[in-house]
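Here is the structure we will look at, set down as structure tokens.
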Amino acid sequence: MSSVTTTLHDTATRMRAEDRRELILEAATAVFGERGYVGATTDAVARAAGVSQPYVVRMFGTKEALFLEVLHRAIARLMGTFRAALADTTPGPDGTVEHPAARIGRAYADMLSNRGLLLSMMHAFVLGADPVIGKAARTCFLDVYRFLRVEAGFSKEEADVFLAHGMMMNTMVGLRMADEYEDGNPCAIDLLEAAMPHKLDLLLNANAESAPTS
């Protein structure tokens, strides 16, 4: 075990149980986001968190249980961000309050820097055939839809456009489309500038921070 890993392990050992749990969930979010449910292992999560693999299993049980915790934590953060944006009715420079769709959309774009959070949700959404994860993912997605329709007051059409654009942004994050943008691919430039004209810098910065290391 390296000195860095040893230090992380010692730090984790001294943490309270709830802090250790959060440390592991943060690491698991990144690992599941990058590797997907099938490709991730509890051992990889343990290494990322600086704890032992048996400790992860002792705390969460199975990989499936850990993934469900990651999914529910991600949705809780997403909904918390949306509700905070909805409640923020501070007038803009022109003295008017933005439409909820604009406020919530901007808040979602601000989450692009949390690549693992967004991609872990995406991985859950493609596991619809799984009897456990699929059910949980559908419930989470419908919770978001219910928030848009009931709490935010979106029409069906507004909710449809919002969700479609959000999934488009997630897809751009997952594809690392910013790589093509920075390489000068004209189609990628056209696509990204149209999809997120005001938040492209966030995507590029997040892409640079998550660049694979050799």
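What follows is calculated from the coordinates using simple rules that are stated; it is not laboratory data. None of these values were measured; they are calculated from a predicted model. Glycine gets a Cβ as well: all are built from the backbone with ideal geometry, and neighbour counts include every protein chain shown.
Overview of values
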{"item": "Under the Karplus curve 6.51 cos²θ - 1.76 cosθ + 1.60, θ = phi - 60°, whole-Hz ³J(HN,Hα) for region 60-76, x wherever Gly or Pro sits", "result": "10, x, 9, 4, 4, 5, 5, 5, 5, 4, 4, 4, 5, 5, 5, 5, 4"}
{"item": "Chain lengthening between A76 and R35 when straightened (0.36 nm per residue, less Cα-Cα)", "result": "12.6 nm"}
{"item": "Tail beyond 17 Å, pair distance distribution of region 30-102 (Cα, percent)", "result": "57"}
{"item": "Positive dipole terminus of the chain, leading residue within T90, A65, M177 (C-beta point charges)", "result": "A65"}
{"item": "Relative contact order computed over the chain (Cα-Cα under 8 Å; 6+ residues apart), in percent", "result": "18"}
{"item": "Pair D88, S113: separation of 7 Å Cα→Cβ label points (nm)", "result": "1.3"}
{"item": "Cα-based helix-to-principal-axis angle, 156-175 vs the chain, degrees rounded to 10", "result": "50"}
{"item": "Interatomic Cα distance distribution for the chain, bins of 5 angstrom, percent", "result": "1, 7, 13, 16, 17, 16, 13, 9, 5, 2, 1, 0"}
{"item": "Note, ³J(HN,Hα) from phi for region 131-140, Karplus 6.51, -1.76, 1.60, rounded to Hz, x at Gly and Pro", "result": "x, 9, 5, x, 4, 5, 5, 5, 4, 5"}
